[in-house]
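> Before we start, here is the structure in question, set down as structure tokens.
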Ligand code: HEM
């Protein structure tokens, strides 16, 4: 007891000083927030709910309720115009729907990707996830070095050569659907699409036969969990400090570790196969294959290779699977569009088993349907850029230091850019229709646009064409058509369908 009293007497002054320092630091931070408000408050924007947290409450509440925050942003864009301000602590975000500014910002290398969010995705809860992979690399020179290495693997010449893999993997999906049709079971089409796109990326990028239709795999769950982790830190800056989130954070870390350890294993297998004279898949070819052949890669090079493994595994699979699932959902709701599509596929593909590269070019209505799907359901809905210099948007002066949020989901659902925007209407993308002007960019634009755009759309066309060629599908009644935000967007219901063979007689 006496010892405690002595300790308290000794430490009490230190404690007071510490509390005083903390109090002064807090006041200084509040003064800084006030300064930020004064600097940027001339930019229009919705009222802040809190001096300290700004608009963060709206985002965390909506995320908790499983709502889409971009829907709120559409409302605000309609009220506050083509550029408006949001605050989160001392950070200022501007939401931009002005087409000219969208063009200027995305098409230029002057505006780097948002450092704050990309840091969070680099290490997710202390576990490296996307690191310096292509999507998250902020340093321009580092990104450019890797992009140049990867570019040839996505050239049209090389992609033509992937038609065999697209056909073969889609054929596995058809076999599985055929069984489901015979058993008359309800099938989650989202799950099926995840299996086929993951099978494809594993095969073309790493030469691995995952055969997900016959094997249970932990990957889809690991990807979903790590994406949810990203969503949580993006929406709530205090998420990782709240004790109630510990269990989830542990799950996310395990998911990240699983993805990276699988990557390390596969890269190692590739290395050995190449040393035995086997071919290396092109996505990891050129410089990286030379690196692979070398026994001694620097630790950081190895880490970046793993970063790109995870990047391709997530970016190269999820977004396409979700697009396919949304597309099936809309076709299930619009029999007249499905009928028109059937006619086109019957004409172009007929009963053929292998779809050729040239066939894809003739599937114009399918192209329109897929584009319209991404207009309403941009599976990668947003991209952010730091604005390091003063700019002007639509007459509003934007001082340097903000982060610009550009969302194809938001502008594509605005009446200002698309008449009757919530109507699913593939004719908006008819070859003779006027092209949307910087209000529709599901693959982003400019130097940091999607590397896999053509790959994804070829794959999506092969899968959809085969599906419609062979099967009729009906949405299981009673499902909702809501969207789930897990950084990428997917159908909340997981899209259950019953399947029937089209040509049984
Ligand atoms: C429907 C399918 C897809 C959509 C909607 C989509 C969309 C996007 C978007 C919006 C970005 C920019 C992200 C940002 O700014 O943060 C992006 C980047 C990227 N995507 Fe895709 N993507 C799709 C499929 C694919 C596929 C199949 C691959 C690979 C096989 C891929 C590889 C990449 C890569 C590597 C980047 C980073 C590009 C860079 O910064 O250099 N994507 N994608």
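> Based on the alpha carbon coordinates of region 51-177, what radius of gyration and maximum Cα-Cα distance (Dmax) apply, in Å?
20.2, 58
> Right, something else. If you average the alpha carbon positions of region 24-68 and of region 72-116, how far apart do those two centres end up, in angstrom?
Between the Cα centres of region 24-68 and region 72-116 lies a distance of 16 Å.
> Could you calculate the contour length gain from residue 481 to residue 415, that is, 0.36 nm times the residue separation minus the distance between their Cα atoms, to one decimal place in nm? Walk me through the numbers before you get to the answer.
Numbers: separation 66, 0.36 × 66 = 23.76 nm, distance 2.08 nm.
Length difference between fully extended and current span is 21.7 nm.
> Can you tell me how much longer the chain between residue 12 and residue 151 gets when fully stretched, taken as 0.36 nm per residue apart minus their C-alpha distance, in nm with one decimal?
On the way: separation 139, 0.36 × 139 = 50.04 nm, distance 6.29 nm.
Taking residue 12 through residue 151 to full extension adds about 43.8 nm, to one decimal.
> Further question on the same structure: So for each of 319-326, 101-108 I average, over its residues, the number of other beta carbons within 10 Å; can you give me the resulting order with the highest mean first?
Working: 319-326: 26.6, 101-108: 18.4.
So the order, starting with the most tightly packed, is 319-326, 101-108.
> Using 19 Å as the cut-off for backbone N distance, which residues of region 465-485 belong to the label zone defined by a point 7 Å from the Cα of residue 188 along Cα→Cβ?
Label zone hits: 474-485.
> I need the peptides 200-208, 113-121 ranked by packing, meaning the mean over residues of other C-beta atoms within 10 angstrom, with the highest value on top.
Taking the mean over residues of other Cβ atoms within 10 Å, the ranking is 200-208, 113-121.
> I would also like to ask the following. State, to one decimal in nm, how far the label point of residue 427 lies from the label point of residue 22, with both points 7 Å from Cα in the Cβ direction.
Each label point lies 7 Å from its Cα, and together they span 6.6 nm.
> Please compute the modelled spin-label separation between residue 352 and residue 167, points set 7 Å along Cα→Cβ, answer in nm with one decimal.
Inter-label distance under the simple model: 0.8 nm.
> Any idea what angle helix 219-235 forms with the longest principal axis of the chain, computed on alpha-carbon atoms, 0 to 90 degrees, nearest 10?
Approximately 40 degrees, to the nearest 10.
> Need the full-extension length gain, residue 269 to residue 80, defined as separation in residues times 0.36 nm minus the C-alpha distance. One decimal, nm. Working shown, then result.
Details: separation 189, 0.36 × 189 = 68.04 nm, distance 5.43 nm.
Contour length minus the Cα-Cα distance gives 62.6 nm.
> Under a point spin-label approximation (7 Å from Cα along Cα-to-Cβ), what is the residue 175-residue 501 distance to one decimal in nm?
1.6 nm
> Please state, to two decimals, what the Cα-based radius of gyration of region 23-501 comes to when divided by 2.2 N^0.38 Å (N = residues).
Working: Rg = 22.8 Å, N = 479, 2.2 N^0.38 = 23.0 Å.
Normalised Cα radius of gyration, region 23-501: 0.99.
> Going 7 Å from the Cα of residue 237 in the Cα-to-Cβ direction, what parts of region 43-67 have a backbone nitrogen less than 15 Å from that spot?
In region 43-67, the label zone of residue 237 (backbone N under 15 Å from the point 7 Å along Cα→Cβ) covers 49-60.
> Round to the nearest 0.05 the FRET efficiency obtained for residue 38 and residue 119 when R0 = 45 Å and r is the Cβ-Cβ distance. Write down the numbers at each step before the final one.
Details: r = 27 Å, r/R0 = 0.60.
Using R0 = 45 Å, I get an efficiency of 0.95.
Every number here is computed from the coordinates shown, using simple stated rules; none is lab data. Computed from a predicted model, the values in this text were never measured in an experiment. Cβ: placed from backbone, ideal geometry, glycine included. Neighbour counts: every protein chain shown.
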